[in-house]
1. Of the numbered conditions (1) part of a helix (DSSP H, G or I); (2) hydroxyl-bearing (Ser, Thr, Tyr); (3) surrounded by 15 or more Cβ atoms within 10 Å (Cβ to Cβ), A:Ser280 satisfies every one except a single condition; which is it?
2. What strands (runs of 3 or more DSSP E), lying completely within the stretch A:156-260, carry at least 3 residues that are touching a residue at least 24 places away in the same chain (Cβ under 8 Å)?
3. Could you check A:Glu204 against (1) within 25 Å of A:Trp422 (Cβ to Cβ); (2) modelled with pLDDT of 90 or more; (3) among the charged types (D, E, K, R) and say which number it fails?
4. Output the residues belonging to the stretch A:413-431 that are within 8 Å of RNA strand B (Cβ to nearest atom) and either of a type outside the set (A, V, I, L, M, F, W, C) or under 18 Å from A:Ala284 (Cα atoms) (or both).
5. Do we find a residue being over 22 Å from A:Trp235 (Cβ atoms), within 12 Å of RNA strand B (Cβ to nearest atom) and assigned by TED's automatic domain parsing to the domain that holds A:Ala253 anywhere in the stretch A:152-175?
6. In the stretch A:184-218, how many are over 25 Å from the mean Cα position of the chain (by Cα) and among the polar types (S, T, N, Q)?
7. In the list A:Arg437, A:Arg387, A:Arg382, A:Arg402, which residue meets the criterion of being within 15 Å of RNA strand B (Cβ to nearest atom) and either of a type in the set (D, E, K, R) or touching a Ser or Thr at 6+ places or on another chain (Cβ under 7 Å) (or both)?
8. Restricting the search to the stretch A:391-440, which residues are within 30 Å of A:Arg147 (Cα to Cα) and part of a loop (DSSP other than H, G, I, E, B)?
Amino acid sequence: MRNASRDGQFRDRMTQTYIEDIARHVGETIVIKGWLYNIRSSGKLIFPQIRDGSGILQCVVFKKAVPEEVWDACQTLTQESSVIVTGAVRADDRAPGGFEMDVTNLEVVSIAEPYPITPKEHGPEFLLDHRHLWIRSKLQHAILRVRHEVIRAVRDYFDSNGFILADTPIFTPAACEGTTSLFEVNYFDDEKAYLTQSGQLYNEATAAALGRAYAFGPTFRAEKSKTRRHLTEFWMVEPEVAYATLDDIMDLAEDFLCFVAARVLANRRPELETLGRDLSKLEAIQKPFPRISYDEAARMLVDGGQAFEYGGDFGAPDETFISSKFDRPVMVHRYPAAVKAFYMKPDPMDPTKALGVDVLAPEGYGEVIGGGERASDLQFLRDQIARHELPEEAFDWYLDLRKYGSVPHAGFGMGIERCVAWMCGIEHIREAIPFPRTIYRTKP
RNA sequence: UCCUGAGUAGCUCAAUGGCAGAGCAUUCGGCUGUUAACCGAAGGGUUGUAGGUUCGAGUCCUACCUCAGGAGCCA
């Protein structure tokens with residue numbers, strides 16, 4: 001089996017050069033395979049800009065330097081036509097990116113029909129209808145590359161800190177946290193199945209098997225949410241650690257987010273600059289993150305004149321108000337148990353509070369991480385399941401975890417798209433995933 | 001589900017209740033360094049749908065449809 005990444009062996013056998021490697025080929029004649037991004041002409045001179053997925057390269061076609069059929073072919077090129085160009089690479093300050101190619105040959109692979117996405121402005125509806133083409137655009141291309149970096153950093157972080165990847169099922173027999181927002185699947189004969197809304201309960205099982213485990217996969221929420229922070233289908237990474245407490249998991253979340261931000265800054269700076277991201281906002285993601293209790297946060301809201309009722313969960317404007325008081329993510333812990341999930345461990349110092357934590361990102365990006373310490377007492381969980389009117393038979397396996405060597409344990413979940421949107425500084429989460437699924441949109 | 005806003009050329013948008021317009025895209029022509037290139041010309045319309053008011057409706061009224069933003073809920 002060929003390995004595309006190891007030592008670049010796969011790449012070296014290809015008869016093409018990728019634009020991201022162009023600086024290493026100055027003075028050489030190379031082949032670029034891609035698509036026409038834009039074209040400008042000036043009589044006897046044509047400037048086709050070629051994109052190949054790794055970057056954009058400006059080419060120069062001079063009428064007297066190419067065969068007549070190449071010149072004629074250039075006249076027929078339309079936006080997004082696919083082409084293979086051959087020529088010598090040269091550094092030139094006049095070219096975007098600093099390098100350009102003097103074309104000696106151009107082969108047309110396919111002439112594109114009139115391309116719907118022009119180099120001018122478009123509205124969100126039109127762009128989302130053409131998402132399959134929109135991702136070719138410069139900004140979307142940059143966002144997807146940042147997303148890749150975030151995911152790679154997530155995996156590298158856990159893989160290099162003793163965690164074992166143990167993915168949890170997508171089809172699940174029951175709700176983790178209530179049934180209101182579940183997608184029902186009509187396939188299994190015996191019982192109803194639902195698309196997962198969290199790997200949480202299964203992670204507790206894998207953590208008991210592996211010590212430190214994490215799951216990373218798609219998650220589905222049938223919430224009627226219609227905001228820039230919500231997707232119907234999103235990706236979530238969920239670490240779970242046996243013998244960890246709330247404080248341990250807050251340390252982990254803090255270290256983890258700093259690692260991800262540092263990696264994006266280190267490896268995707270050109271993309272961040274393309275996106276116009278204020279890099280100082282990302283450089284500020286440094287330990288220690290402020291840690292405040294729910295009670296302290298509630299006092300901030302009341303003192304700040306916000307319309308907030310003590311005892312309830314924070315709304316989006318509340319989160320934005322709290323996070324606006326800090327220049328880095330803030331961790332809010334010990335929420336009222338009544339507003340949190342049934343499996344949260346009560347605070348021994350104040351049983352009306354749960355040992356949960358939300359990490360609120362700055363700049364209004366909201367809750368990127370939610371987690372906490374899980375209840376380890378069997379009878380408490382039985383009571384909670386009854387109190388929440390959940391079917392106990394659906395949780396028998398989960399309760400087994402408390403019968404056979406129950407230990408303190410904690411974990412959290414991070415929404416990948418919220419993190420990517422935050423890193424990129426983009427307005428809407430739907431641009432942080434290749435093909436967003438929202439309440440009223442399942443195409444393309 | 002609720003609140004708010006928007007639907008006019010392929011796209012982005014103009015048009016006091018009085019002739020349906022512009023830029024970009026497309027097609028044709030011009031230009032030897034373009035940077036969302038520029039210059040000239042041409043084609044392109046059931047103004048979201050259905051009613052209503054009016055001498056006359058893109059514009060005012062009613063209902064519906066679609067989309068966007070927000071709330072609740074959440075990552």
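1. (3)
2. A:212-220, A:233-242
3. Going through the list (1) within 25 Å of A:Trp422 (Cβ to Cβ); (2) modelled with pLDDT of 90 or more; (3) among the charged types (D, E, K, R), A:Glu204 breaks only (1).
4. A:Gly413, A:Gly415, A:Glu417, A:Arg418, A:Glu427, A:His428, A:Arg430
5. No: zero hits.
6. Of the residues in the stretch A:184-218, 1 are over 25 Å from the mean Cα position of the chain (by Cα) and among the polar types (S, T, N, Q).
7. So the residue among A:Arg437, A:Arg387, A:Arg382, A:Arg402 that is within 15 Å of RNA strand B (Cβ to nearest atom) and either of a type in the set (D, E, K, R) or touching a Ser or Thr at 6+ places or on another chain (Cβ under 7 Å) (or both) is A:Arg437.
8. Selection gives A:Gly425, A:Ile426, A:Glu427, A:His428, A:Ile433, A:Pro434, A:Phe435, A:Pro436, A:Arg437, A:Ile439, A:Tyr440.
The values are calculated or read from the model by the stated rules, or taken from the named source; none is laboratory data. Just so you know, these numbers come straight off a predicted model, no measurement behind them. Glycine also receives a Cβ, built like all others from the backbone with ideal geometry; neighbour counts cover every protein chain displayed.
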